[in-house]
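Sharing a structure with you now.
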Amino acid sequence: MDAVTPVRDFPDTTWASDGPTRGVEPVVESGAVLRFPHLRFALMESELRFLDPRWADGKAKNISLRWSGPPPSAEMRGAAGRPAELAALQAMIARYAEFSEAFALRLFPHYRGHLRRGNTSFRPVDVAGRATSWRKDDTRLHVDAFPSNPMHGTRLLRVFCNVNPAGRPREWRVGEPFEAHARRYLPAIKRPLPGSAWLMERTGITKRRRTEYDHVMLQLHDRAKSDAAFQQRSPQARLEFAPGTTWVVFSDQVLHAAMGGQHMLEQTFYLDVAHQRDPATSPRGTLERLLGRELR
Ligand SMILES: [Fe+2]
């Protein structure tokens with residue numbers, strides 16, 4: 001097994017269905033980063049003004065589109081501006097959602113009919129200098145897991161694109177493969193306290209029940225971020241995504257940290273484990289194999 005998350009490069013120059021890469025479910029499910037160095041998301045002349053942090057309302061780190069129903073029923077959050085400007089900004093982000101969805105379905109035809117569109121986000125704010133708690137500090141290596149939003153094993157597939165106009169790369173670190181990461185911390189992770197999942201759901205701390213799977217994933221997230229020695233000395237590699245680069249990962253599986261950059265678009269998709277090409281490669285499958293039992 002590789003010591004560090006592998007990166008695979010692909011030659012695509014178009015988001016459309018006639019591009020060269022398709023059927024790469026095994027690559028993304030293996031926990032690799034799929035990188036497309038020549039796949040830029042073109043902005044219209046009138047959209048270049050949106051590459052400015054002043055469009056963020058200052059409360060959220062992202063401007064996001066939430067798709068409450070089938071497209072085009074989206075609501076934009078986190079942006080500040082006049083109505084006509086906001087409509088144009090929303091149209092730009094929605095176009096990214098359409099492009100990345102068509103692209104994902106070409107890359108992963110096995111997921112067709114099962115990929116659910118999550119939020120689309122635009123990040124015009126610099127990664128550096130965002131003051132956060134250690135738990136929210138995404139410059140530390142982590143797998144994605146959320147305290148209030150248990151996923152119940154649903155996969156998080158993300159399509160990122162760097163749209164920086166000044167040549168500035170998006171800088172990431174990637175870490176060890178998921179199985180090595182799970183082996184590192186699993187022995188120290190205790191089962192959740194009886195009744196705690198019920199209580200957290202009842203009091204609104206979680207949006208739905210935190211299963212033992214969610215508990216373990218959140219423990220992996222928290223233990224990695226709070227472990228300074230792990231952050232500094234574990235196997236890792238720096239990656240740069242130049243402007244005009246698109247990349248795709250399962251972010252609940254790939255250890256990642258966002259170290260720098262500004263102006264990025266990101267589309268999240270949800271996929272139930274059962275609809276993977278090989279569900280055994282999922283974090284749930286890996287954890288259950290290492291533990292020798294089911295996680296409920
Ligand atoms: Fe993350």
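The values are calculated or read from the model by the stated rules, or taken from the named source; none is laboratory data. Just so we're clear, the structure is a prediction, and the values are computed from it rather than from any experiment. Positions of Cβ are backbone-derived with ideal geometry, glycine not excepted, and every protein chain shown enters the neighbour counts. For accessibility, only protein heavy atoms count, side chains too; no ligands or nucleic acids. Shrake-Rupley method; radii C 1.70, N 1.55, O 1.52, S 1.80 Å.
With +1 on each Lys and Arg Cβ and -1 on each Asp and Glu Cβ, how big is the dipole of the chain about its Cα centre, in debye rounded to the nearest 20?
Roughly 820 debye, rounded to the nearest 20.
Still on this model: Can you give the accessible area per residue of region 62-209, in Å², using a 1.4 Å probe?
With all protein chains present, region 62-209 gives 48 Å² per residue.
Now a separate question. In the chain, which whole DSSP H runs stretch at least 18 Å along their own axis (Cα) and average 0.0 or higher on the Kyte-Doolittle scale?
Helix filter hits for the chain: 83-107.
So what is the accessible area of region 247-296 per residue, in Å², with the probe set to 1.4 Å?
32 Å²
Another question about this same structure. When the chain is treated as a GNM, springs tying every alpha-carbon pair under 10 Å, which of 174, 249, 27 comes out with the largest mean-square fluctuation?
Per the Cα network of the chain with a 10 Å cutoff, 27 tops the list.
On to the next question. Kirkwood hydrodynamic radius for region 209-256: how many Å is it when counted over pairs of different Cα atoms?
13.2 Å
Could I ask something else about it? Considering only protein heavy atoms and a 1.4 Å probe, what is the carbon-and-sulfur percentage of the accessible area of the chain?
Its accessible area is 53 percent carbon and sulfur atoms.
Further question: In region 190-296, if the dipole is taken from +1 on Lys/Arg beta carbons and -1 on Asp/Glu beta carbons about the Cα centre, which of 241, 267, 203 is farthest to the positive end?
Among 241, 267, 203, the one farthest towards the positive end of the dipole of region 190-296 is 203.
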